[in-house]
Ligand SMILES: [Zn+2]
C-alpha cells in the first residue's frame with residue numbers, strides 16, 4: 001500500500017482523466033490528472049528493486065487504481081496511463097533494456113505488464129522526457145513552443161519537447177543531452193556512461209563532488225575542510241552552505257559548474273533553437289528561492305550570453321523548472337493524453 005498519500009478534491013476537474021507513473025530507483029510516484037494537467041491525487045510507493053520488475057509492475061498497477069480512487073474516480077474513468085522509466089529502454093516495444101539505478105530489471109516488458117495489472121492502455125516514455133513534457137504542459141515551460149529540460153542530480157537527465165513531440169529518437173536515445181560532448185581533449189573526464197568529455201562528467205552532482213575533492217586534495221584552502229572534519233558528507237548541499245558563508249573555493253566550483261552547463265546549453269540552442277531551457281533536479285543550489293541559486297542561474301546566463309548567437313542569447317529563456325518531483329508523473333500522464341488524442345483522431 002502507498003507509504004504516503006495526498007489528495008486534492010477535483011475542482012471542476014475536466015475529463016478525460018489520466019494517470020502518470022514515474023519509476024525511479026528508490027520510489028515510484030503515481031498521480032491522477034485531468035485534461036488540463038491539474039493534479040487530482042498523488043502517492044508514492046517504494047520501488048524495492050530487489051523484489052523484481054513483475055512485483056513492481058503489480059504494485060504500480062494497484063497504485064494507479066489507488067490514485068484514481070483517491071481522486072474520486074472510477075478506474076474506468078481513466079483514459080490511459082503514462083509510464084516514465086529510466087533508460088536504457090526500447091520505447092516502441094515497451095521494454096526496459098538496461099535501466100540505470102535499477103539492477104536486474106534488464107529486458108523487461110514493463111509497459112505491457114503494467115497494462116495487464118491495471119487493465120488500462122499504457123504510454124511508455126523516458127523519465128527525463130516525461131519530466132520535460134510535464135514542465136512544457138503545466139510547469140514553467142507552459143508558454144513555450146519548444147524546450148529543453150535539464151534535470152541536475154546524480155547524473156544529468158534531459159528531455160526535449162518540440163511542439164507536442166517528445167524527441168525520443170530512432171533508438172530511444174533522443175534527448176540524452178547529459179551526454180553531449182563539452183571537452184574533446186585527451187584529458188577529458190570520464191562520464192558515468194563510460195565515454196569521455198560528456199557534460200554529465202563535469203556538471204552532475206557526482207562530478208561536482210569529484211571536482212571539489214580534487215581541489216581539496218590539491219591543497220586549496222576552504223572552510224569545507226572543517227565541515228568534512230565534523231563528518232558532514234561532501235555534497236552539493238554542503239558546497240552551497242559553505243558558499244553562502246563566503247567560502248571562495250565552494251563559490252568557484254559552483255560558478256565553474258554554471259559555465260559548463262552554459263556551454264552545454266549553447267550547443268542545444270544552436271541545435272534546436274528552443275523557446276526556453278529549464279533547469280530542475282536536486283542540484284540547483286537553492287534554485288530561484290535563494291540568492292545563491294539565482295547567482296548560479298545568472299552565471300549560466302552569462303556563459304550563454306558569451307557563446308550563443310546574439311539573437312538566441314537575447315531571446316531564449318533560461319530559467320528554473322517549477323514542478324519539482326511532480327514533473328515526471330504529470331508529464332507521463334500528459335504524454336498518455338497526447339497518445340489518447342492522437343488515437344481518437346484516427
Ligand atoms: Zn556520458
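Every read-out reported here was derived from the displayed coordinates using simple, explicitly stated rules and does not represent laboratory data. Remember, predicted model here, so these are calculated numbers, not experimental data. Cβ atoms come from the backbone with ideal geometry, glycine included; neighbour counts cover every protein chain shown.
Taking the convex hull of the alpha carbon positions in segment 211-335 and averaging its projected area over all directions gives 9.2 nm². Packing-based ranking of 190-202, 226-238 yields 190-202, 226-238, ordered from highest to lowest mean Cβ neighbour count within 10 Å. The helix-only estimate of mean residue ellipticity at 222 nm for the chain, built from DSSP H runs of length n ≥ 4 each weighted as -39500 (n - 2.57), is -12500 deg cm²/dmol after division by the residue total. Taking every Cα-Cα distance in segment 159-283 and sorting them into 10 Å bins starting at zero, the pair-distance distribution P(r) comes out as 12, 38, 30, 15, 5, 0 percent. Considering only 242, 289, 54, the Gaussian network model of the chain with Cα springs below 10 Å gives its largest mean-square fluctuation to 289.
Calculated translational diffusion coefficient of segment 212-282 (25 °C, 0.890 mPa s; Stokes-Einstein with Kirkwood radius over alpha-carbon pairs) equals 177 µm²/s. For the chain, the longest principal axis of the alpha carbon atoms and the long axis of helix 248-272 meet at an angle near 50°.
Model label points for residue 225 and residue 344, set 7 angstrom from Cα along the Cα-to-Cβ axis, are 6.4 nm apart. For 110, 180, the sequence from fewest to most other C-beta atoms within 10 Å is 180, 110.
Computed FRET efficiency, Cβ-Cβ of residue 143 and residue 188, R0 45 Å: what is it to the nearest 0.05?
Efficiency at R0 = 45 Å is approximately 0.75.
Helix 327-345 axis versus longest C-alpha principal axis of the chain: approximately 50°, rounded to the nearest ten.
Quick one: P(r) of segment 46-165 from all Cα-Cα pairs, 10 Å bins, percents rounded to integers, in order of increasing distance. Calculated P(r), rounded to whole percents: 13, 38, 37, 12, 0. Across 146, 44, 93, mean-square fluctuation computed from a Gaussian network of the chain (C-alpha pairs under 10 Å connected) peaks at 93. For the chain, the spherically averaged projection of the C-alpha convex hull amounts to 18.5 nm².
Normalising by residue count, segment 177-250 has a Cα convex hull of 102 Å³ per residue.
Which percent, nearest 5, of DSSP beta bridges in the chain are antiparallel?
Numbers: 31 of 51 bridges.
Roughly 60 percent of the beta bridges in the chain run antiparallel, per DSSP.
Convex hull volume per residue, computed on the Cα atoms of segment 82-142, equals 87 Å³.
Among 204, 172, 185, the largest mean-square fluctuation in a Gaussian network model of the chain, built with springs joining Cα atoms closer than 10 Å, belongs to 185. Solvent-free Debye calculation, one equal scatterer per alpha-carbon of segment 278-346: log10 I(q)/I(0) at 0.15 Å⁻¹ equals -0.67.
Hey, fewest Cβ within 10 Å first, where do 273, 143 land in order?
On the way: 273 15, 143 10.
Fewest-to-most ranking of 273, 143: 143, 273.
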